1. Amide H neighbours of residue A:62 under 5 Å, at least 5 residues apart or on other chains, H built in the peptide plane: list them.
2. What ranking do A:353-363, A:54-64 get when scored by the average of other Cβ atoms within 10 Å per residue, highest first?
3. Rounded to the nearest 5, what % of the DSSP beta bridges within the stretch A:127-290 are antiparallel ones?
4. What list do you get for B:14, A:24 if you sort them by fewest beta carbons within 10 Å?
5. Using only DSSP helix segments of four residues or longer, with each worth -39500 (n - 2.57), what per-residue ellipticity at 222 nm results for chain A after dividing by its residue count and rounding to 500?
6. Name the cysteines of chain A that stand alone by the Cβ rule: no other cysteine Cβ under 4.7 angstrom.
7. Of the DSSP beta bridges with both residues in the protein assembly as shown, give the percent that are antiparallel, rounding to the nearest 5.
8. Less than 13 Å apart at the alpha-carbon level, and either on another chain or at least 8 residues along: which aspartates and glutamates does that give for residue A:390?
Amino acid sequence: MYQYDPIDQNLVDERVHQFRGQTSRYLAGTLGEDEFRQLRLRNGLYVQRHAPMLRVAIPYGMLASRQLRQLALIARRWDRGYGHFTTRQNIQFNWIALKDAPDVLASLAEVQMHAIQTSGNCVRNITSDPFAGIAPDEVVDPLVWCEILRQWSTFHPEFNWLPRKFKIAVSGSPEDRAAILVHDIGIAAVRNGAGETGFRVAVGGGLGRTPLVGHVIREFLPWQHLLTYMDAILRVYNLHGRRDNLYKARIKILVKELGPEVFARDVEAEWAHLRDGPATLIQEEVDRVGARFTQPAYETLAATMPEIEALIASDKGFAAWCRRNVHPHRVAGYAAVTLSLKKTGVPPGDATADEMDRIAALADRFSFGEMRITHEQNIVLADVRRRDLKALWDEAKALGMATPNVGLLTNIICCPGGDFCALANARSIPVAEAIQRRFDDLDYLLDIGEIDLNISGCINACGHHHVGHIGVLGVDKQGEEFYQVQVGGAQGTAASIGKVLGPAFSQEEIPDVVQQLIDLYIEQRDSDAERFIDVVRRIGIEPFKERVYGKADKKSQGGRGQLETAAS
Amino acid sequence: MAKLIRNRKVVEDSWRLLPPDATVEQAAEGDSIVPLSLWKSSREALIAAAGSGRLGVWLDGADEPGDIVADLDRFTIVAVRAAKFGDGRINSSGRLLRERYGYKGELRAFGELLRDQLLMLERCGFDAFVLRDSENLEDALAAFGEFSDQYQVSAQEPQPLFRRRLAAGR
Ligand code: SF4
């Protein structure tokens, strides 16, 4: 966990003070609605269906127990007793009153937290791999680079008024668990043949209205140049990104319109002026930032614990949990554990204040007082002794957070949707719930195997539906809620954008549609090793279409034909 | 006379900002900030009309600061306009003019600007500001003190925080 130094703290405190002033100018009527909007967005406040919503940054997902307790306190004191963890490693509160917002920000600053740049047309919270620093397959620990980028992006004088929002993700493992190819900039920390650290830089990925996979514009950027190269990309975008049309303002459109090669050339030309300048990173700074991260005091332990292995052999429930929710750790005798926030009947990613306190207590007891928020909207305790797994499992079960579904169908990624979000076309939470209810048999879920199902309530794609193996998108059909279904999306190194199956469905139909897709998959797979997405890639989406809509000649039957336009 | 903020003080503005369709005749009255398009189309005439007097030019967000590099020494003022609130191209234009092209004269920001943008624009190299009419300029000066430090390089501070920390042994 990175610890602020006095300058870091001071900047956050000054921001609270600044926002207090802006809020009182607005409430006094000397700052206009639209101008204040831009300013409050940069402090994470935007007006949702019910009240201003506050989005708090959890930089690259790292959270300490005392911070989670503070979030619980905020939920109780200023909200309605709960919060919602998002797909961008943030937490949102849905019921904060505007006049209270400065006090909420001040209480965040007390625990080295903030809502800076969590909304608005600026560089947003940097996201990363929830297993950063502990994953056995990791080549470079991305955390120090994430923090260096956090500081670089915080109040960057030149890039605080970009054409549109800007999201950066960093990964340090060959297996990309940070979805870097669907970010404005995706950074993969790598090593070259000489063992030197550097970055493979991709730009122009993103979801939303125009889903695109990013393009690598530099295969190996030596680490010293990280910030000057970022400056070059952002400057090209700031000057040339479109500002005339909100829907064409993301960097992905600029990259697409110019072509990745031309864009890369423009960046290199800009960088030629900046490279080796004073913003070039130095080893002392990397060391200094690294030293401000607390390091868990790992014990020397045996890699396996006979009691735990015996329990896995004898207890099916424990075995399933270990298989799905327990993850390997680079240190012998340790494991990372996912606490599931995907209990059926609870909106995915929601946690009550009491749950937050209890999770904080688990983190203190089992994982050095730290945890990570994942982009799949779960919580990871990253440093658990294997011999404590049984005790943690018992506690997690008592909390209803031991659902062994990580990577499985019911670990649904889902945005707040029409229940909370003013932009929604349709509700998403009840759809997630209906699917979870349909697939509630664990043996069946394990048999179906690894699959990502993602739901967004509108084209803004906060639920990342384009990169779900199955993606569900809420659409509006003459004031009614309908849902488009797509298959074949994926995140990770082989990222792809899903393809729409056809006309949209009503909410009640969705569990059946998912069932049909799963049935076809089970019939078609070579073995259980072939995952849903592998089958889609092998046989294409046509058979899935046919299964769901029937053969082409049946297509116009029933009421569905008339919905065709809504789905296109 | 209109007022503006220059070097963190509220002062009278003796310059006239000419509209996009201005003519050389208008510019001849002296101390005029002419639009870039006029400068490009009538450069010789403007130089002749100014004689030994002072010249200013203004750019829009979409204009390329590189277009006036060869003439920067002629200008007492280069101004950049934010035509819409939140148009951040002005920030990059300022840095380019100062850092890349070495412009030393007054660099003025004008248009749809609020006090909340002053400090960042100053860090991008601007030293003069014409804010929206709704802003009280004396009150606005407080915005320069809102943040005591910054991580990045700026016009005032060519070293990023990490190099300054190291030099100070922190
Ligand atoms: S995807 Fe749409 S409905 Fe869902 S949270 Fe984002 S904006 Fe709201």
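What follows is calculated from the coordinates using simple rules that are stated; it is not laboratory data. Since the model is a prediction, treat every value here as computed from it, not as a measurement. Here Cβ is always computed from backbone atoms with ideal geometry, including for glycine, and neighbour counts include all displayed protein chains.
1. Under 5 Å from the amide H of residue A:62: A:373.
2. Details: A:353-363: 21.2, A:54-64: 24.6.
Result, highest mean first: A:54-64, A:353-363.
3. Details: 13 of 19 bridges.
Here the share of antiparallel DSSP bridges comes out near 70 percent.
4. Details: B:14 10, A:24 13.
Taking fewest neighbouring Cβ atoms as first place, the list is B:14, A:24.
5. Working: 19 runs with 208 residues, N = 568.
It lands at -11000 deg cm²/dmol.
6. A:122, A:146, A:322, A:414, A:421, A:458
7. 65 percent
8. Once the sequence-local aspartates and glutamates are set aside, what remains near residue A:390 is A:307, A:309, A:315.
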